[in-house]
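What follows is a single structure, written as structure tokens, with notes after it.
The values are calculated or read from the model by the stated rules, or taken from the named source; none is laboratory data. Predicted model, so just to flag it, every value in this text is computed and none were measured. Backbone-built Cβ (ideal geometry, glycine too); neighbour counts: all protein chains shown. Accessible surface areas use protein heavy atoms only, side chains included; no ligands, DNA or RNA. Shrake-Rupley method; radii C 1.70, N 1.55, O 1.52, S 1.80 Å.
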Amino acid sequence: MKYALVLLGNLSTALRIEKEEAFRFSVAAGSATAFSIGLCTREKMEGLLPQVKIEMTKQRGE
């Protein structure tokens, strides 16, 4: 998980977008790859992007 957060921070900095938006891109790209032979294409990732919703939740004890 630590490496995923570092990658997410680097992605958001490189693309100059918020971390939540970078996370949406990551989820869409990972999902598109899961449904592809090999790596996903930009078109498949962008097709899934509108379906990715981010919802903040509280952890137990907060």
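Data overview
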{"item": "Förster radius 25 Å - calculated FRET efficiency between Arg42 and Ile17 (Cβ-Cβ, nearest 0.05)", "result": "0.95"}
{"item": "Accessible area expressed per residue, region 16-60, with surrounding protein chains retained (probe 1.4 Å, Å²)", "result": "87"}
